[in-house]
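A short worksheet on the structure shown next.
Nothing in this text is a laboratory measurement; each read-out follows from the coordinates by a stated rule. Because the structure is predicted, anything quoted here is derived from the model rather than measured. Glycine gets a Cβ as well: all are built from the backbone with ideal geometry, and neighbour counts include every protein chain shown.
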Amino acid sequence: MKTITCSIAAILFSVGAIYAQENVDVKKETTTKTVVVKDTNVETTVINDVNTEESIIQVNDNNAVNQDATVVTKKNVTSEMVEDKVTPNAPNDADVKSYTKKEVMKTDAAIKEQKAANQAGMNQDQQDVQDAEDMTAPKTNVKKVKNDN
């Protein structure tokens, strides 16, 4: 029984020693970028940039005392797109519709005003022509006076 206990203890310590020969340190930094572009559509893009630095301290497995440790560093940079969404820009659409409605109303008012001015001009031209005709035409509507002699 004593030998079994000693052998189990020896196995546990040796397994622990094997794992103690390598130490891993992971440093992870995540940066989230959100880009919003507003135009006729709103384009939203969310990107995660992950910088990972993994440091592994290794010691040779030869049971020597005061060994030199070697440090292996692995750097990894990854970018992943989390969200890419395009939605209509409702406030912009409403502004465009109101602007175009105002412009149409202004154009219609200008057209009506121009037509009224043209109509008034035509009436004035007709009146001028009538006045010119009256001046050049001989007067035939002369009252005849009765002479009772």
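Counting Lys and Arg as +1 and Asp and Glu as -1 over every other residue whose Cβ lies under 13 Å from the Cβ of THR70, the net charge comes to -3. Lys and Arg at +1, Asp and Glu at -1: add these up for the other residues within a Cβ distance under 13 Å of ASP39 and post the number. Cβ neighbours under 13 Å give a net charge of -2.
For the pair LYS115 and VAL72 in one chain, pulling the backbone fully straight at 0.36 nm per residue adds 6.8 nm over the alpha carbon distance. Among the listed pairs LYS38/LYS106; LYS38/LYS85; LYS27/LYS74; LYS33/LYS85; LYS28/LYS75, give every one whose C-alpha distance is greater than 21 Å. Table pairs above 21 Å Cα-Cα are LYS38/LYS106.
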